[in-house]
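Visitor: Take a look at the following structure, please.
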Amino acid sequence: MYSKKIKLNNGVEIPVLGLGTWLMSKEEAYLSCLAALEMGYRHIDTAVAYGNEEAVGRAIRDSKLPREEIFVTTKVPAEAKSEKAARKEIEGSFKKLGLDYIDLVIIHCPQPWILFRKFQRRYDKANVEVYKVLEEYYRAGKIKAIGVSNFLPADLDNILNNCEVVPAVNQILAHVKNMDFETINYCREKGIIVEAYSPLGHGNSKVLKDEAIKEIANKYNVSVPQLCLRFTVELNMVTLPKSTNIAHMKSNGDLDFNISEEDMERLVKLDKIKDYGKDDWYPVFSKGK
Ligand code: A2P
């Protein structure tokens, strides 16, 4: 199992590989997290919006692993855009997860999902308000690292200019067929670790059946999913594949190989998905990615 960790900007170590739990029912989340922890995963990514925090917490307890061995992330809902709402949600997460501390809590999205990427600046003040609540929990030691998700450079600037704690991470959609290098490079400049959600492109055939990716995967004698995951790992991204399938989970953790610079360049230059979000293969945002 791939067990490398990287250091966040506050010195906290985060396992590079984590299990994503978006769209998992409670039962699926419980069984998947338990299986993942048993096979060596040490990082679980959940969110209030996924509706499975309680199951994730239960799996963590039932794994019998020492708490400090597991890195747990949750997310303040995109719709919680006030101090009061943020506090309520964070307290709710503690209760549902049943944990004394949470390793990482991030703002799920700069806008409520229904307005995703619309009215870009409308929520600046609200995001600062919510982030300041995270800072308070962080200072109290209840949350070990804080950050954001789906933030663009201007959204990050708003936090950097108006808050004190530099976000430790920005969790964004990142896979071989969808790379926002402007945001990725901006995060790097500011010492913010990028976390890749949906690093397998949601398991869609546009990624997993891509001939060029297949050809490179064959060269390394690995599967296409393994190549996709190693690709984001090579880019120093925390990588969060979601799977409820034990065989997939296992092979997704088998990432001890290197992709050459030349092949990384080929992968970076692959055609990106242009109609992203416009056709039916991308799950609805209302589910709260
Ligand atoms: P499954 O749960 O059956 O494994 P992403 O993390 O990019 O959102 O992708 C998640 C999707 O990819 C899920 O539908 C998951 O299905 C599928 N998936 C995860 N790992 C693999 C794998 N190794 N091979 C094929 N599909 C996978």
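The values are calculated or read from the model by the stated rules, or taken from the named source; none is laboratory data. Everything quoted here is computed from the prediction, not taken from an experiment. Neighbour counts are summed over all protein chains in view; Cβ atoms, including those assigned to glycine, are modelled from backbone coordinates with ideal geometry. Accessible surface is based on the protein model in full, side chains and every heavy atom, while ligands, DNA and RNA are left aside. Shrake-Rupley method; radii C 1.70, N 1.55, O 1.52, S 1.80 Å.
Visitor: Computed over the Cα atoms of the chain, what is the ratio Rg over Rh, Rh following Kirkwood? Working shown, then result.
Guide: Working: Rg = 17.9 Å, Rh = 19.0 Å.
Taking Rg over the Kirkwood Rh, I get 0.94.
Visitor: Could you check the simple spin-label distance between Phe257 and Leu31, using points 7 Å along Cα→Cβ, in nm with one decimal?
Guide: Simple spin-label model gives 3.0 nm for this pair.
Visitor: Quick check: at a probe of 1.4 Å, how many percent of the accessible area of segment 1-112 sits on carbon and sulfur atoms?
Guide: Working: 2180 of 4320 Å².
Of the solvent-accessible surface of segment 1-112, carbon and sulfur hold 51 percent.
Visitor: Between Lys125 and Glu91, what is the FRET efficiency for a Förster distance of 22 Å, r being their Cβ-Cβ separation, to the nearest 0.05?
Guide: Working: r = 22 Å, r/R0 = 1.01.
Working from the Cβ atoms, E equals 0.50.
Visitor: Tell me the label-point distance for the pair Glu265, Lys142, using the 7 Å Cα-to-Cβ offset, in nm and rounded to one decimal.
Guide: 5.1 nm
Visitor: For segment 26-155, with equal point scatterers placed on the C-alpha atoms only and solvent neglected, what are the log10 I(q)/I(0) values from the Debye formula at q = 0.12, 0.14, 0.18 1/Å, to two decimals?
Guide: Those come out to -0.45, -0.60, -0.93, one per q.
Visitor: In sequence order, what are the phi-derived ³J(HN,Hα) couplings for segment 155-164 according to the Karplus relation 6.51 cos²θ - 1.76 cosθ + 1.60 with θ = phi - 60°, rounded to whole Hz, with x for glycine and proline?
Guide: 5, 5, 4, 4, 6, 4, 7, 10, 10, 9
Visitor: Report the calculated FRET efficiency for Asp180 and Tyr101 (r = Cβ-Cβ distance, R0 = 45 Å), to the nearest 0.05. Each step should come with its number before you reach the end.
Guide: Working: r = 31 Å, r/R0 = 0.69.
Working from the Cβ atoms, E equals 0.90.
Visitor: Find out how many positive minus negative residues lie around Ile159, taking Lys and Arg as positive, Asp and Glu as negative, among other residues whose Cβ is under 12 Å from that of Ile159.
Guide: Working: positive: Lys125, Lys132, Lys190; negative: Asp124, Glu129, Glu135, Asp155, Asp157, Glu164.
Surrounding charge for Ile159 is -3.
Visitor: A follow-up question, please. Need one number: % antiparallel among DSSP beta bridges in the chain, to the nearest 5. Walk me through the numbers before you get to the answer.
Guide: Working: 4 of 30 bridges.
Percentage antiparallel, nearest 5: 15.
Visitor: Long-range amide H contacts for Arg42: which residues qualify at under 5 Å (H placed 1.01 Å from N, peptide plane, sequence gap of 5 or more or a different chain)?
Guide: Under 5 Å from the amide H of Arg42 lies no amide H from a residue far enough along the sequence or on another chain.
Visitor: Something else: How much length is gained if the chain between Asp157 and Phe116 is pulled fully straight, taking 0.36 nm per residue apart and subtracting their Cα-Cα distance, in nm to one decimal?
Guide: Gain on stretching Asp157 to Phe116: 13.0 nm.
Visitor: Near the amide H of Ile107, under 5 Å away, which other amide H atoms are found, from residues 5 or more places off or on another chain, if H is placed in the peptide plane?
Guide: Correct list: Val76, Gly147, Val148, Ser149.
Visitor: Below 17 Å, Cα to Cα, which aspartates and glutamates can Lys242 reach? Residues fewer than 8 away in the same chain don't count.
Guide: Glu27, Glu28, Glu38, Asp45, Glu53, Glu195, Asp254
Visitor: Moving to a separate point now. Would you mind computing Rg(Cα) / (2.2 N^0.38 Å) for segment 151-221, counting N as its residues?
Guide: On the way: Rg = 15.4 Å, N = 71, 2.2 N^0.38 = 11.1 Å.
Cα Rg divided by the expected 2.2 N^0.38 Å: 1.39.
Visitor: At a probe size of 1.4 Å, how large is the accessible area of Lys190, to the nearest 10 Å²?
Guide: For Lys190, solvent-accessible area is about 90 Å².
Visitor: Sticking with this structure for a sec: If r is the Cβ-Cβ distance from Glu164 to Arg67 and R0 is 22 Å, what FRET efficiency results, to the nearest 0.05? Could the numbers behind the result be given before it?
Guide: Values: r = 28 Å, r/R0 = 1.26.
The pair Glu164/Arg67 has a calculated efficiency of 0.20.
Visitor: Going toward the positive end of the dipole of the chain, with +1 on Lys and Arg Cβ and -1 on Asp and Glu Cβ, which of Leu134, Asn150, Ser251 do you reach last?
Guide: Leu134
Visitor: Jot down the radius of gyration and Dmax of segment 72-148, Cα atoms only, both in angstrom.
Guide: Expressed in Å, the Cα Rg and Dmax of segment 72-148 come to 12.0, 37.
Visitor: From the phi angles alone, apply the Karplus equation (6.51, -1.76, 1.60; θ = phi - 60°) to segment 75-86 and give each ³J(HN,Hα) in whole Hz, x where the residue is Gly or Pro.
Guide: 9, 6, x, 4, 7, 7, 10, 8, 4, 5, 5, 4
Visitor: Separate question: Roughly how big is segment 206-278's charge dipole about its Cα centre, with Cβ charges of +1 (Lys, Arg) and -1 (Asp, Glu), in debye to the nearest 20?
Guide: Details: 12 positive and 12 negative charges, 87 e Å.
Computed charge dipole of segment 206-278: roughly 420 debye.
Visitor: Sum -39500 (n - 2.57) across every DSSP H segment of at least 4 residues in the chain, then divide by the residue count to get the 222 nm mean residue ellipticity, nearest 500. Mind dumping the intermediate values first?
Guide: Working: 11 runs with 116 residues, N = 289.
My calculation for the chain gives -12000 deg cm²/dmol from helical runs alone.
Visitor: Collect residues whose amide H, placed 1.01 Å from N in the peptide plane, falls under 5 Å from the amide H of Tyr197; neighbours closer than 5 in sequence don't count.
Guide: Ile172, Leu173, Ala174
Visitor: Additional query: Through the Karplus equation 6.51 cos²θ - 1.76 cosθ + 1.60, θ set to phi - 60°, convert the phi angles of segment 45-51 into ³J(HN,Hα) values in whole Hz; use x for Gly and Pro.
Guide: 10, 10, 6, 3, 5, 7, x
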